Amino acid sequence: MIFWKLFYTFCKIGIFNFGGGYAMIALIQNEVVEKQGWMTAAEFTDIVAASQVTPGPIGINVATYAGYTAVTNAGYDPVWGVAGAFLASFSVILLPFILMLLVSRYLLKYSGHPVVNKVMAVLKLTVVGLIAASAVLLVNADTFGAYAESPLQFFLSIGLFATAFFASLKWKTNPILLIALAGLVGFVVYYL
């Protein structure tokens, strides 16, 4: 049954995720697209995009939308999709919440211990790798377009990406302004 698989899958993602929402994206994509086949890569890219503009933590938002999409793609009514969204959201935070309740007391007590410091250093490297994997995951034809299909979309996407990257890196431009400007450029190019 899809609901048991959703619960198990998102509990597994939650317990093995370190580094927050962006690090979680690659894990979710691997499970829901590659292993389970609940959705296509294009649907997952849309879910990530919607999750970025929706208020709240991105990892939980991705889990919510993925749970809904998985259930509705399995042929269930959208009402059951809402149940799938709730179940995926609940499952992804359940085990980390319990683990943090158990570990936080000891982590504070032994925070200066050399073994704890080494474990934290390894976890920091792991987080960087997971976030990098999420970034690489989103560099695909669904995000940037395919040169063979639409050269304009491809070069416009690359140009917007490069401009936003350098504007945020060099001038520390507000991300909300960058999103608004990119949306305006997209609207002008594609709808006018």
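The values are calculated or read from the model by the stated rules, or taken from the named source; none is laboratory data. All figures in this text were calculated on a predicted structure; none of them were measured in a lab. Methodologically, a virtual Cβ is constructed for each residue, glycine included, from the backbone with ideal geometry; neighbour enumeration extends over all protein chains shown.
Being surrounded by fewer than 10 Cβ atoms within 10 Å (Cβ to Cβ) and either of a type in the set (Asp, Glu) or assigned to a helix (DSSP H, G or I) (or both) narrows it down to one residue among Leu160, Leu178, Leu156, Leu169; which is it?
Of the residues listed, the single one that is surrounded by fewer than 10 Cβ atoms within 10 Å (Cβ to Cβ) and either of a type in the set (Asp, Glu) or assigned to a helix (DSSP H, G or I) (or both) is Leu169.
Applying the selection to the stretch 57-89, what residues are in a loop (DSSP other than H, G, I, E, B) and in contact with a Gly (Cβ under 7 Å, 6 or more places away or on another chain)? Steps first, please.
Just the residues of the stretch 57-89 that are in a loop (DSSP other than H, G, I, E, B), to begin with: 57, 74-77.
Of everything in the stretch 57-89, just one residue is in a loop (DSSP other than H, G, I, E, B) and in contact with a Gly (Cβ under 7 Å, 6 or more places away or on another chain), namely Pro57.
Being assigned to a helix (DSSP H, G or I) and either modelled with pLDDT under 90 or surrounded by 16 or more Cβ atoms within 10 Å (Cβ to Cβ) (or both) is the requirement here; does Gly112 meet it?
Judged against the criteria, Gly112 is not a match.
In the stretch 62-103, which residues are within 20 Å of the chain's Cα centre (by Cα) and β-branched (Val, Ile, Thr)?
Passing the criteria: Val62, Thr64, Thr69, Val71, Thr72, Val82, Val92, Ile93.
In the stretch 77-100, how many are crowded, with 16+ Cβ neighbours inside 10 Å and among the aromatic types (Phe, Trp, Tyr)?
Of the residues in the stretch 77-100, 2 are crowded, with 16+ Cβ neighbours inside 10 Å and among the aromatic types (Phe, Trp, Tyr).
Phe166 fails exactly one of the following numbered conditions: (1) modelled with pLDDT of 90 or more; (2) within 19 Å of Thr45 (Cβ to Cβ). What is the number of that condition?
(2)
Please find, within the stretch 36-56, the residue that is surrounded by the most Cβ atoms within 10 Å (Cβ to Cβ) out of those that are touching a Ser or Thr at 6+ places or on another chain (Cβ under 9 Å), of a type outside the set (Gly, Ala, Ser) and in a loop (DSSP other than H, G, I, E, B).
Here the residue is Trp38.
Considering each residue of the stretch 60-76, count those that are crowded, with 22+ Cβ neighbours inside 10 Å and within 14 Å of Trp4 (Cβ to Cβ), and give that number.
Adding up the residues that qualify gives 3.
Every residue in the stretch 137-151 that is part of a helix (DSSP H, G or I) and loosely packed, with under 12 Cβ neighbours inside 10 Å, please.
If we filter the stretch 137-151 for residues that are part of a helix (DSSP H, G or I), which is where we start, we get 137, 141-144, 151.
Pro151 - this is the single residue of the stretch 137-151 that is part of a helix (DSSP H, G or I) and loosely packed, with under 12 Cβ neighbours inside 10 Å.
Just the residues that are closer than 30 Å to Tyr68 by Cα and among the polar types (S, T, N, Q), please, taken from the stretch 82-121. Give the derivation first.
Let us first name the residues in the stretch 82-121 that are closer than 30 Å to Tyr68 by Cα, namely 82-101.
Answer for the stretch 82-121, where residues must be closer than 30 Å to Tyr68 by Cα and among the polar types (S, T, N, Q): Ser89, Ser91.
Is it fair to say Val33 is part of a helix (DSSP H, G or I), without any contact (Cβ under 8 Å) to a residue 12 or more places away in the chain and surrounded by 16 or more Cβ atoms within 10 Å (Cβ to Cβ)?
yes
How many residues, within the stretch 1-30, are among the polar types (S, T, N, Q) and surrounded by fewer than 18 Cβ atoms within 10 Å (Cβ to Cβ)?
1
Farther than 30 Å from Gly145 by Cβ and in contact (Cβ under 8 Å) with a residue 40 or more places away in the chain: is that true of Phe97 in this structure?
Details: farther than 30 Å from Gly145 by Cβ: yes; in contact (Cβ under 8 Å) with a residue 40 or more places away in the chain: no.
So Phe97 does not fit the description; no.
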